[in-house]
1. Of the DSSP beta bridges with both residues in the stretch 19-185, give the percent that are antiparallel, rounding to the nearest 5.
2. Starting at the first residue of the stretch 73-82, write each ³J(HN,Hα) from the Karplus equation 6.51 cos²θ - 1.76 cosθ + 1.60 with θ = phi - 60°, in whole Hz, x for Gly and Pro.
3. Just to confirm a number: summing +1 for Lys and Arg and -1 for Asp and Glu over residues other than Val48 whose beta-carbon lies under 14 angstrom from that of Val48, what do you get?
4. For Ser42 and Ala114 in one chain, what is 0.36 nm times their gap in residues minus the Cα-Cα distance, to one decimal in nm?
5. State, to one decimal in nm, how far the label point of Ala86 lies from the label point of Ala106, with both points 7 Å from Cα in the Cβ direction.
6. Each residue of the stretch 153-162 in order: what ³J(HN,Hα) in whole Hz does its phi give by Karplus 6.51 cos²θ - 1.76 cosθ + 1.60, θ = phi - 60°, with x for Gly and Pro?
7. With labels modelled as points extended 7 Å from the Cα through the Cβ direction, what inter-label distance (nm, one decimal) is found for Val182 paired with Thr156?
8. For Val139 and Val31, calculate 0.36 nm times their separation in residues minus their Cα-Cα distance, and state this gained length in nm to one decimal.
Amino acid sequence: MRFGTGLLVGVSGTLCWSGVAIGATAPKTLVPGQSVSVAGTSIVCAYVGPAGKTAIDCFSTKSGAPGYGFRLNENELVAYKSAAGAEHDVKRWREPASLKQPSFAAAQQAQLVASLPVGGRVLIAKTDIGCLVYSNSNVPVVACFKLAGTQGYPLTNSLAGSISSGAVQVSRFDASHKGVTVFVGEPGQKP
C-alpha cells in the first residue's frame with residue numbers, strides 16, 4: 001500500500017481497503033446508531049442521520065476545538081466545519097451511482113461499539129462503503145470510501161474522505177486507484 005506526501009491520503013496515493021489489514025481481525029459492520037473510535041485519537045465515526053439519509057460521519061470529539069469532519073453516504077460526500085458547538089457544510093460532492101441509499105430509520109445518537117487500531121476496518125451496513133485506519137507519519141488517519149468489488153479499492157470516480165486531528169482531506173479516485181486531492185480543511189483555516 002502506498003500513500004503520497006500530502007496531508008492525509010496524498011495526491012498520488014493509492015488507497016486499498018483490503019491490503020491494509022493483513023493479519024488484522026475481520027472488519028466490524030456498523031448499523032445505524034453505532035459508532036467506532038480510532039484508538040489513541042479523538043476521532044469517532046458514527047453511522048447516523050435522518051430517515052433515508054443515514055451516513056458515516058467522521059469527526060473529532062476534542063471539546064471546544066474547531067475542526068473539520070465529513071459525512072459519506074451512497075449519494076454524496078460532505079465536508080463540514082465545526083466551531084463553538086455549531087456545524088456548517090463547507091463543500092458537497094456527488095458520488096457515482098453504485099447502490100441505492102438504504103432506507104433506514106433516523107439515527108441521531110450512536111453507541112460506541114469498538115475502538116479501531118491502525119489496520120482496523122469498518123463496513124457500513126447495506127452500502128458499499130468501507131473505512132480503514134492507517135498511519136501517516138505515525139499519526140492515525142481514518143479514510144472512508146465506496147468500495148469497488150471485492151478488491152478493496154475505491155470505486156472509480158468516487159471520493160474518499162480522510163480525517164486526522166480535526167483536519168480533513170477529500171480525494172477523487174480514478175480507474176488506476178490513484179487519488180487526486182480536491183479539498184483540504186485544517187483547523188484554523190477559513191473555509
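Computed from the coordinates by the stated procedures, all read-outs in this text should not be read as laboratory data. Predicted, not measured: the structure shown is a model, and the values here were computed from it. Glycine gets a Cβ as well: all are built from the backbone with ideal geometry, and neighbour counts include every protein chain shown.
1. Antiparallel: roughly 90 percent of the beta bridges in the stretch 19-185.
2. My calculation for the stretch 73-82 gives 9, 5, 9, 7, 10, 10, 8, 9, 10, 10 Hz in order.
3. Numbers: positive: Lys53, Arg71; negative: Asp57, Glu87.
It works out to a net charge of 0.
4. 24.6 nm
5. Taking the two extended label points, one gets 2.2 nm.
6. Using θ = phi - 60°, the values come out as 8, x, 4, 4, 6, 8, 10, 10, x, 10 Hz.
7. Placing both labels 7 Å beyond Cα along the Cβ direction yields 1.6 nm.
8. 36.2 nm
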